[in-house]
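The values are calculated or read from the model by the stated rules, or taken from the named source; none is laboratory data. Bear in mind the structure is a predicted one, so any value in this text is a computation, not a measurement. Neighbour counts are summed over all protein chains in view; Cβ atoms, including those assigned to glycine, are modelled from backbone coordinates with ideal geometry. Accessible surface areas use protein heavy atoms only, side chains included; no ligands, DNA or RNA. Shrake-Rupley method; radii C 1.70, N 1.55, O 1.52, S 1.80 Å.
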Amino acid sequence: MIRTALRYHRPSTAAEVSELLLQHDGDVAVLGGGTQLLPQMNRDQVHVSNLVDLRGLGLREIVATDDELTLEALVTYSDVLLSRDVADAAPHVQRVSRGVTGGKQLRNTGTLAGSACFAMPGSDMPAALVGLQAQYRLHGPRGARMVKASDFYTAAFATTLGPGEFVEAIVIPRGTGSTGYCKVKHSSGSWPIATATATISETEARVTLGSVQAIPLQIDVTDLIGSNETRRIDDAVLRERITAAVTDPWTDVLAPGSYRARVAGTVAARAFTELEGSLA
Ligand SMILES: Cc1cc2nc3c(=O)[nH]c(=O)nc-3n(C[C@H](O)[C@H](O)[C@H](O)COP(=O)(O)OP(=O)(O)OC[C@H]3O[C@@H](n4cnc5c(N)ncnc54)[C@H](O)[C@@H]3O)c2cc1C
């Protein structure tokens, strides 16, 4: 049960959203799909007296250009899964969205921007977006600014969003290379324990780990690509590189940090195996 008196705001411009967020700073939350926020309020874990619903702004468009794909703040997992533009410009986003649990209700309601802003270490989407070199378009009292997803996360459940700021859109560049994905979890319905987005482009190879540390961890493995045409990465060497990079693993009820550190190399190697399959 939500125990506080609530004021529901439904502004119709980004400037009004920022004004409300600033005016009630510390006592306000942006409402996306509400799939995290509302249960937290019900459980008395979040106490705010003001909710700012973004629905008055629309913000549910998916826009593809030759250079990038833009997912506005209220784009849901279902929107992404049904979009030809996403399939064409950023199939990895569909790949990851397909694996998010919670059933139709969650897919029809939960937004990618909500997942990005919740900044939970165990979520799929933040690290996947970092791996795709996405940027977030923030709107605040001084207008809009772009922030790289890789610079957005500062700690578990913490971001660079300042007073009055919210995420208006996620912008994903095209042409960042081929991707593979792997995650480990307890059961089909559970949250990830470790995820890996593997990317190879003409110029670089990278692994982005999610759920393994408090914030997404990027590891450059360009030097490990073989000179042969298959561009394969040696599994054992990759595992060693990943294990060395995980210095501060995340612990929660699902798994201790020591377990996450141990599986990270294997998850990364499997993500590369999937990627190599798509290149073959
Ligand atoms: C049953 C269940 C299973 C799930 N399984 C998975 C899973 O397998 N993998 C996974 O990664 N996730 C999983 N999730 C989490 C899911 O991805 C998130 O709940 C969802 O994406 C959050 O989006 P939302 O729009 O509902 O966010 P909300 O609940 O509305 O908001 C979440 C937080 O972000 C803030 N916020 C939302 N939008 C914005 C914005 N535009 N700007 C600034 N702040 C904003 C809110 O104020 C709040 O603090 C699961 C959730 C449930 C309930």
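When ALA5, ALA64 are screened for being at pLDDT below 95, of a type in the set (A, V, I, L, M, F, W, C) and out of contact with any His (no Cβ under 9 Å at 6 or more places or on another chain), only ALA5 passes.
A search for C-beta distances below 7 Å between a residue of region 122-142 that is acidic (Asp, Glu) and any residue that is open to solvent by 10 Å² or more (accessible area, probe 1.4 Å), counting only pairs 6+ apart in sequence or on different chains, returns ASP124/GLY99; ASP124/VAL100; ASP124/LYS183.
Candidates LEU217, LEU224: the one that is buried (at least 21 other Cβ atoms within 10 Å of the Cβ) and either of a type in the set (A, V, I, L, M, F, W, C) or in contact with a helix residue (DSSP H, G or I) (Cβ under 8 Å, 6 or more places away or on another chain) (or both) is LEU217. Among the residues here, THR208 qualifies as outside any loop (DSSP other than H, G, I, E, B) and crowded, with 16+ Cβ neighbours inside 10 Å.
Filtered by the rule that a residue be under 20 Å from PHE152 (Cα atoms) and within 9 Å of the ligand (Cβ to nearest atom), region 78-109 gives a lone residue, VAL96.
If I filter region 181-188 for residues that are assigned to a loop (DSSP other than H, G, I, E, B), of a type outside the set (Lys, Arg) and away from the ligand (no atom under 13 Å from the Cβ), do I get at least one hit? The answer is no; no qualifying residue exists. For VAL253, indicate whether it is over 21 Å from THR199 (Cα atoms) and within 22 Å of the chain's Cα centre (by Cα). So VAL253 passes the test. Of the helices (runs of 4 or more DSSP H) entirely within region 1-119, those holding at least 1 residues that are under 26 Å from PRO163 (Cα atoms), open to solvent by less than 40 Å² (accessible area, probe 1.4 Å) and among the hydroxyl-bearing types (Ser, Thr, Tyr) occupy 14-23, 112-118.
Taking residues in region 263-274 that are under 17 Å from ASP220 (Cβ atoms), and partners anywhere that are part of a helix (DSSP H, G or I) and among the hydroxyl-bearing types (Ser, Thr, Tyr), the pairs with Cβ atoms closer than 9 Å and at least 6 places apart or on different chains are ALA264/THR243; GLY265/THR243. Would you call THR154 within 11 Å of the ligand (Cβ to nearest atom), more than 18 Å from PRO11 (Cβ to Cβ), surrounded by fewer than 23 Cβ atoms within 10 Å (Cβ to Cβ) and modelled with pLDDT of 95 or more? For THR154, the condition - within 11 Å of the ligand (Cβ to nearest atom), more than 18 Å from PRO11 (Cβ to Cβ), surrounded by fewer than 23 Cβ atoms within 10 Å (Cβ to Cβ) and modelled with pLDDT of 95 or more - is not met.
Just the residues that are more than 6 Å from the ligand (Cβ to nearest atom), under 22 Å from GLY140 (Cβ atoms) and touching a strand residue (DSSP E or B) at 6+ places or on another chain (Cβ under 9 Å), please, taken from region 25-42. Of everything in region 25-42, those that are more than 6 Å from the ligand (Cβ to nearest atom), under 22 Å from GLY140 (Cβ atoms) and touching a strand residue (DSSP E or B) at 6+ places or on another chain (Cβ under 9 Å) turn out to be ASP27, VAL28.
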